1. Efficiency by 1/(1 + (r/R0)^6): what FRET value for VAL213 and PHE181, r their Cβ-Cβ distance, R0 = 22 Å, to the nearest 0.05?
2. Ignoring ligands, DNA and RNA, how do LYS250, LYS69 rank by accessible area with a 1.4 Å probe, largest first?
3. Multiplying the sequence separation of ASN70 and ASP98 by 0.36 nm and subtracting their Cα-Cα distance, what value in nm do you get?
4. Rounded, prolate or oblate for segment 157-271? Axes are the square roots of the Cα gyration tensor eigenvalues, ordered a ≥ b ≥ c, and the cut-off for rounded is a/c under 1.5.
5. Go through segment 115-129 residue by residue and turn each phi into a ³J(HN,Hα) via Karplus (6.51, -1.76, 1.60, θ = phi - 60°); whole Hz please, and just put x for glycine and proline.
6. Under 5 Å between amide hydrogens, which residues at least 5 positions from ILE167 or on another chain qualify, with H placed 1.01 Å from N in the peptide plane?
7. For segment 134-271, calculate the relative contact order in percent as a whole number, restricting contacts to Cα pairs under 8 Å that are 6 or more residues apart.
8. Rank THR178, THR161 by accessible area, highest first, at a 1.4 Å probe radius?
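The values are calculated or read from the model by the stated rules, or taken from the named source; none is laboratory data. This structure is a prediction, so every number in the text was calculated from the model and none was measured. Here the Cβ positions follow ideal geometry from the backbone for every residue, glycine too, while neighbour counts run over all protein chains shown. All accessible areas refer to the heavy atoms of the entire protein, side chains included, with ligands and DNA or RNA removed. Shrake-Rupley method; radii C 1.70, N 1.55, O 1.52, S 1.80 Å.
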Amino acid sequence: MEILLPAIGCAYGATFIWLVVSIINRPREWNGTRNLACAVLIAPLFGLCLLPGLDGRGHRTATRRSICKNNLKQIGLALHNYHEWYDCFPPAYIAGPDGTPWHSWRVLLLPFLDQQPLYNQYRFDEPWDGPHNRQLAGSVQAVFRCPADDHGGAEQAATMTSYVAIIGPGLAWPGSETTAFRDFLDGSSTTILVAEVANSGIHWLEPRDLHLVQMAPTINAKAGQGISSRHKEGAHILLTDGAVRFVGDKTPAVELRAWLTIDAGDRTNDF
């Protein structure tokens, strides 16, 4: 579509110029077919006027937003299946012998995303960027990337996650500890489980997410990193009950905070 529309525009333009030149140079020959000439002239002009409406950008934007939403739904289903199997959600990370994060929740989720073979190749006796696991770094997992989030080039974006956990005390992801449905006293339908972050700079294998103290208090903040997207006027969030919502840029900080905590008693009914 990106090539076809400019080609159609060029064809219409060339036809229009040819007709104008022909009428100017040979007016008598066009007298008998004036109506036909006018019709042919109007057609390309009408077509050119329609081109903005036929532009595929709007369609691409809607498609990317739909894919992004579906990615989060798949992640939500995988998290629910993980919970059903282990009676809890995965920890944000698994720490290594040195106490630092070695393995991400995204790796733990692989068997529930039909990626058991890749999971079997991953080694938990070395960090995510160890000699062996580094060889898996090029594995592209489309489910962890919003197609609109291509900042930094297609190659870099292919392995960069667009979906992160928000880590902090009292949240769905305390860190290396786990949470379960029974812990979400504020309600699973009004608590964020995973959020979209544009240009996160986080490899999907990397055990790094967004910490509450480092997070901007608004959606699509102009400065600082936080819940954000390449979509217009908002970003997607995955709620603990598995629903995916699109939240607007003007969401108040107090509301955002209420959606993040799991048992603070600050329920919201905005969803």
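1. 0.25
2. Result, largest first: LYS250, LYS69.
3. Answer, rounded to one decimal: 6.4 nm.
4. Cα axes put segment 157-271 in the oblate bin.
5. 10, 4, x, 5, 4, 5, 7, 6, 10, 8, 8, 9, x, 4, 10
6. Answer set, sorted by chain and number: LEU210, HIS211, LEU212.
7. 26 percent
8. THR178, THR161
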